[in-house]
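As structure tokens, the structure follows; a few thoughts come after it.
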Amino acid sequence: MKHRRIFFSILVIIGTTIGCQPATDTVSIESLLKEMVDRDAISTYPTHNFRLKQQSSYNRASVTPDEPGGWFTNKDFNSSDKDSNFVRVEEINGEKEWVLMDHKGAGAIVRSWMPFLNPRTPDTDITLKIYLDGALEPVIEGNMLDLFNGDGLIPFPFAHKSLRSSVSFFPIPYAKSCKITSTARPFFFQFTYREYPEGTSIKSFTMEDFVASSILTKEVGKQLLDPQIRKKGEQITMSALLNKGEEKTVHLPSGEAAIRSLTFKLGNYDNADITRTVILKMSFDGKETVWCPVGDFFGTGIGLNPYQGWHTTVEENGMMSCRWVMPYQNSGSITVLNLGETFIEFDLNANVDAYQWSDKSMYFHGEWKGQYPLPTRPFSDWNYITLKGKGVYAGDALTIMNPVKKWWGEGDERIWVDNDTFPSIFGTGTEDYYAYSWGGVSTDFYEHPFHAQPRSNVYNKLNRKTSDERDTQGYSTEIRTRALDGIPFESSLQLDMEVWSGTDCDMGYGVGLFWYGAATTTSNRKPDPVEALNIPPLPDGFPGIEN
């Protein structure tokens with residue numbers, strides 16, 4: 001595979017392993033690092049009942065969807081001193097600082113993202129400062145990009161260079177407040193944070209605790225980069241040859257248990273469409289909670305596109321695997337359905353092991369939505385999913401077909417949670433949501449434990465005359481899965497992705513959706529075999545067609 005392989009020195013950890021250490025009621029660097037690799041954690045509703053929110057440079061003219069002139073204006077950056085897509089400017093010690101985030105209350109930063117100001121120059125002289133709990137001096141201070149690119153304070157893989165941006169998932173908890181400033185006018189930025197209820201016990205980030213957690217940090221990083229297929233437990237296998245319209249089901253062991261890992265491999269991938277026309281279905285305790293094309297479920301999109309992530313992996317030999325924990329109380333089953341025109345062969349293996357069900361446990365859901373043609377004019381919000389009830393949103397995998405060369409992904413995500421009158425999360429671009437930037441020139445392969453672009457416009461990249469050409473025609477697949485930035489909801493969640501292309505054209509969208517919910521939680525996504533067979537065609541003459 002083309003992953004970057006990082007080898008850590010062998011670590012001898014005295015005491016119990018990460019997953020077996022006793023839980024604590026205090027939120028700290030240590031507790032959040034352990035939670036990041038605790039696979040059961042996202043399957044249970046959070047004990048601390050936090051809200052996930054985001055401070056970003058979204059366009060402040062966006063006030064309501066009833067005002068499309070502001071709602072769909074692509075002005076989510078600060079290009080001059082007249083712009084104010086930030087909190088305020090203040091003077092500290094005689095120097096100006098631009099306030100990017102100012103949260104009052106208990107919380108924890110769980111994701112930071114910012115791009116290179118010049119898409120082809122990966123440097124800046126802007127200093128970023130993070131002040132916690134009203135302190136007059138920053139607890140973290142450093143170069144805006146170097147802090148979060150994996151070469152500076154925050155180590156790889158928690159921080160890393162994405163495509164023309166720096167991303168960090170290292171947790172920064174705080175008990176009373178968090179203020180983030182920059183020493184010059186910011187451009188784009190996103191800070192995603194947990195907002196904890198009043199009274200939550202939190203040990204704020206300090207450099208002393210950061211240094212003290214270095215061994216744990218290395219061990220967690222090692223796990224993130226080398227996720228293992230679980231071998232402990234009962235192995236449930238199914239192999240079959242299915243003709244058109246046929247399906248085969250395997251039943252899981254009865255009683256309280258969970259699927260801990262799942263592998264799936266097709267006989268061949270000669271026809272790229274096979275990953276859309278083969279459907280994975282799962283039922284738990286008598287309710288179908290998974291209906292998703294295998295390509296969208298495992299994040300490969302249309303065709304076989306290898307990458308490695310924390311939750312899902314696709315290998316060059318065709319083996320696809322996931323490590324989502326899928327619990328049930330009494331019964332479960334897995335079904336493979338062939339919607340395609342020709343027969344298929346497949347091999348499936350599920351690892352099933354013990355799971356302790358509690359009043360906070362939730363069922364795993366893997367759903368899908370697709371649409372072709374999807375017009376780009378007028379500008380619109382494309383609803384990924386709307387959920388009613390209680391649960392945690394855990395990730396998605398988007399495959400798009402862009403029929404033209406101009407960039408397609410300026411659309412912002414807008415996520416409404418519970419009783420929001422304005423989105424809790426308002427983004428700055430589809431590519432930013434999937435952790436890269438300057439989309440039209442970011443067409444390379446990349447992977448990280450929590451996001452990846454396993455398929456990009458490689459054909460067009462090979463046909464460019466210069467490196468400055470912006471050509472994103474064809475298929476792309478973008479993945480984002482969540483750990484500390486999972487989105488809890490008590491009564492509802494609505495995730496919309498703005499369709500914003502530089503050209504009036506008809507695109508194709510298909511998205512796999514992953515979430516956990518109570519037994520009574522409902523979704524507006526339903527099985528759609530007709531749309532699954534409506535696979536967006538590539539443009540005539542692709543690659544190299546002129547549009």
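Determine the alpha carbon to alpha carbon distance for each of K281/K390; K369/K405; K104/K161; K222/K287 and list only those over 27 Å.
From the list (K281/K390; K369/K405; K104/K161; K222/K287), the Cα-Cα distance tops 27 Å for K104/K161; K222/K287.
With the convex hull of the Cα atoms taken as the outline of the stretch 188-256, the averaged projected area works out to 12.3 nm². Of all lysines in the structure, the ones whose alpha carbon falls short of 21 Å from that of K406, not counting any fewer than 8 places away in one chain, are K75, K461, K465. Listed by chain and number, the lysines whose C-alpha is less than 16 Å from the C-alpha of K96, apart from same-chain residues fewer than 8 away, are K82, K129, K179. Cross-link partners for K248 among the aspartates and glutamates, with Cα-Cα distance under 12 Å and sequence neighbours closer than 8 places in the same chain left out: E345, D347. Taking every protein chain into account, the 1.4 Å probe leaves M144 with about 10 Å² of accessible area, to the nearest ten. With θ taken as phi - 60° and the Karplus curve 6.51 cos²θ - 1.76 cosθ + 1.60 applied, the whole-hertz 3J(HN,Hα) list for the stretch 161-176 is 7, 8, 7, 6, 6, 10, 10, 9, 10, 6, x, 10, x, 8, 8, 10 Hz, x standing for glycine and proline. Rg/Rh, computed from the Cα trace of the stretch 491-531 with Rh as the Kirkwood radius, has the value 1.04. Only protein heavy atoms count here; on that basis, with a 1.4 Å probe, D40 has an accessible area of about 50 Å².
Normalised radius of gyration for the stretch 357-514, please: alpha carbon Rg relative to 2.2 N^0.38 Å, two decimal places.
1.09
Take the alpha carbon gyration tensor of the chain, find the square roots of its eigenvalues, order them as a ≥ b ≥ c, and report rounded if a/c is under 1.5; if not, report prolate when a/b exceeds b/c, else oblate. Oblate shape, in that a/c is at least 1.5 and b/c is the bigger or equal ratio. Counting heavy atoms of the protein chains alone, H48 has an accessible area of about 50 Å² for a 1.4 Å probe. Computed over neighbours whose Cβ is under 13 Å from that of A175, the net charge equals 0, Lys and Arg +1, Asp and Glu -1.
In angstrom, the C-alpha Rg and Dmax of the stretch 260-379 are 15.6, 51.
Of the solvent-accessible surface of the stretch 211-329, computed with a 1.4 Å probe over protein heavy atoms with every protein chain present, carbon and sulfur atoms account for 46 percent.
A cut-off of 5 Å between modelled amide H atoms, ignoring neighbours fewer than 5 places along the same chain, links I425 with I415. Ordering T200, T477 by accessible surface, largest first, gives T200, T477; the 1.4 Å probe counts only protein heavy atoms, with every chain in place. So which GluC sites (Glu not before Pro) in the stretch 340-395 are both in a DSSP loop and have at most 16 other Cβ atoms within 10 Å of their Cβ? Loop-located and lightly packed - E341. Averaging the Cα positions of each part gives two centres, and for the stretch 373-431 and the stretch 247-319 these lie 24 Å apart. In terms of accessible area, using a 1.4 Å probe and ignoring ligands and nucleic acids, R480, R51 rank largest first as R51, R480. Summed over the residues of the chain and divided among them, the accessible surface reaches 39 Å² per residue at a probe radius of 1.4 Å.
The values are calculated or read from the model by the stated rules, or taken from the named source; none is laboratory data. The structure presented is a predicted model; accordingly, all values stated were derived computationally and were not measured. Because the Cβ atoms are built from the backbone with ideal geometry, glycine has one as well, and the counts that use them run over all protein chains shown. Calculation scope for accessible area: heavy atoms of the full protein, side chains included, ligands and nucleic acids excluded. Shrake-Rupley method; radii C 1.70, N 1.55, O 1.52, S 1.80 Å.
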